[in-house]
Amino acid sequence: MDEQQLLVMMIPTTLRDDVVDCLMACELISGFNMTAIAGYSKEHSQYDLREQVEGHRQFSKFEVMHTPAQQVELLATVRVVCSAANIRYWIVPVLELGHL
C-alpha cells in the first residue's frame, strides 16, 4: 500500500456543509471522518458573546487520509471553500494502517 498521511482540519460550523460537499465531490479520496468538537483558547477576542460565556467555540474536525502525492491537490481543493476563513490544519504521517 502507498504511504499514507492524515489531513486534520478544524472547520467553523458555518463552513461544515460546504467542506462536506467539497470532499464528497473530491475524486482523490475515498472518504473522510467528521466530528463535532469544542475548541478552547486563551484568546477570546474572536469569540461571540455565547462562546465567551461557554468558554469554547464549536468546530467540525475533519480527517482525510491521503498519499503525499495527493497533498497539494487536496489542499487546493479544500482551499476553494475555505479561502475566506482562517482554517487551521495539520498533516501527520500514518505509521500503521490495519484492521483489528
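Based on the mean of other Cβ atoms within 10 Å per residue, sort peptides 15-27, 88-100 so the most packed one is first. Each step should come with its number before you reach the end.
Values: 15-27: 14.4, 88-100: 8.5.
The densest-packed peptide leads the list: 15-27, 88-100.
Would you kindly state how much longer the chain becomes between ALA69 and MET24 on full extension, computed as 0.36 nm times their sequence separation minus their alpha carbon distance, in nm to one decimal?
Taking ALA69 through MET24 to full extension adds about 14.3 nm, to one decimal.
Read the figures in this text as sums done on the coordinates, not as results from a lab. This is a predicted model, so every value here is computed, not measured. Cβ: placed from backbone, ideal geometry, glycine included. Neighbour counts: every protein chain shown.
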